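In what follows, a single structure is set out as structure tokens and then discussed.
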Amino acid sequence: MTRISISNSPQLLIDLHTDALYEYVCGRKDITQRSDKGHLDFPRMKEGGVNGQVFAVWVSPTELKPGEYRDFVFKGADAFDQVCARCVDTVAPVRTPDEFRQVVASGRIAAILGVEGGHALEGNVENLDRFHERGVRVLTVTWSNSNELGDSSSDENKPHNGLSSLGRQAVRRMNELGMIIDVSHSSDRTVFDILDASLSPVIASHSGIRARRDFNRNLTDEQIRAIGAQGGVIGVVFLPYFLREPEENATVEDVLDCIDHICQLVGPDHAGLGSDFDGFGGALRGLEDVTKMGAIGAGLRNRGFSDRDIAKISGLNFLRVWDAVAARSGRSPQPVD
Ligand SMILES: [Zn+2]
């Protein structure tokens, strides 16, 4: 497929994780309309210059029961298609890096569908194929609950001591399908096991930095080095509690500090943005909602980052990972109708 140059397009600004689609599915917010609810909707994304977004279908392990998880993903995928169809001039669903480039070059938002929580597979790796057919391109292996695939950072019990054998199978199948593996929420051991099992680079879609804030959802320097060594990218989260204690004192400067930390450790090729917008209450000072995204590029420029490095952090790094993941897959791209 011909690769469309994005050199004349608006600068990439890609966010690796939002829960806004879940809010839409639950009928709590119409993300096609501008509002002051939460952090994100399409009009505010345009204003903030975001042109790439992973929309996660979060699968609640408590509000839903086993047996209902998989179908909720399909419900979320239907909603994803529906909101994109309602706003064809603004946003388009994309399933390949080339489609991503085409949509961004057309001035629209490229929307990528993700699933947060491997329990959505209901213990059956074949459901990865069903999700992939339905357009899912990112899977967060665990949420705050451990599941059949592996242990969560938030679970004290750690029933698998890392990734399970089913989890290893799932990782390899995601490699084959060209699905991006997301290690955010995974336990320390699970992260290393995923890196060991995966032939493709991975992302941490919304994580903080443990050296700056000692919290189990944040990545250690050893994990950052390992993710970087495999060519992956870390989307720095905007969730105040992950960034600073007390959280009331967290600001956009903490996000910049986390980006700085990753760059000092492994260089500018492995940092990215993972807001978790609409996945938390309250707001981060200086990044109160998606309209403020420009504060990151401006802040990095103030800190002496080059335009090239800012462009990498703002989106090129993620796109590089997706290119590598897609290249590894045995399938030809499936164009969107
Ligand atoms: Zn999350």
Within region 43-64, can one find any residue that is in a loop (DSSP other than H, G, I, E, B), basic (K, R) and more than 16 Å from the ligand (Cβ to nearest atom)?
no
Could you tell me which of the residues R212, R225 is basic (K, R), part of a loop (DSSP other than H, G, I, E, B) and in contact (Cβ under 8 Å) with a residue 40 or more places away in the chain?
R212
Check off (1) over 21 Å from F318 (Cα atoms); (2) in contact (Cβ under 8 Å) with a residue 24 or more places away in the chain; (3) touching a Leu at 6+ places or on another chain (Cβ under 9 Å); (4) polar (S, T, N, Q) for S164 and give me the number that stays unchecked.
(2)
Pairing a residue in region 34-52 that is under 16 Å from S275 (Cβ atoms) with any residue that is aromatic (F, W, Y) and crowded, with 21+ Cβ neighbours inside 10 Å, where Cβ atoms lie under 9 Å and the two sit 6 or more apart in sequence or on different chains, gives G38/F277; H39/F238; H39/F277; L40/F277; G52/F100; G52/F318
For G49, the lone unmet condition from (1) under 25 Å from T96 (Cα atoms); (2) of a type outside the set (K, R); (3) out of contact with any Pro (no Cβ under 8 Å at 6 or more places or on another chain) is (3)
Please work out if K292 is farther than 19 Å from I203 by Cβ, at pLDDT 95 or above and basic (K, R).
yes
Failed condition for V83, given (1) touching a helix residue (DSSP H, G or I) at 6+ places or on another chain (Cβ under 7 Å); (2) within 21 Å of D182 (Cβ to Cβ), with all others met?
(2)
Which members of region 17-34 meet the condition of being within 15 Å of the ligand (Cβ to nearest atom) and either under 23 Å from V88 (Cβ atoms) or assigned to a helix (DSSP H, G or I) (or both)?
T18, A20, L21, Y22, E23
Looking only at region 254-283, count how many residues are away from the ligand (no atom under 16 Å from the Cβ), surrounded by fewer than 24 Cβ atoms within 10 Å (Cβ to Cβ) and in a loop (DSSP other than H, G, I, E, B).
4
Against the condition among the polar types (S, T, N, Q), free of Cβ contacts under 8 Å to residues at least 24 places away in the same chain and on the phi < 0 side of the Ramachandran plot, how does N175 come out, does it pass?
no
Criterion (touching a helix residue (DSSP H, G or I) at 6+ places or on another chain (Cβ under 9 Å) and outside any loop (DSSP other than H, G, I, E, B)) met by exactly one of K75, K37:
K75
Looking only at region 284-330, how many residues end up being among the basic types (K, R), farther than 21 Å from G228 by Cβ, assigned to a helix (DSSP H, G or I) and in contact (Cβ under 8 Å) with a residue 12 or more places away in the chain?
1
Based on this model, can you work out whether F80 counts as in a helix (DSSP H, G or I), away from the ligand (no atom under 16 Å from the Cβ) and within 18 Å of the chain's Cα centre (by Cα)?
yes
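The values are calculated or read from the model by the stated rules, or taken from the named source; none is laboratory data. Since we're looking at a predicted model, the values are computed, not measured. Cβ: placed from backbone, ideal geometry, glycine included. Neighbour counts: every protein chain shown.
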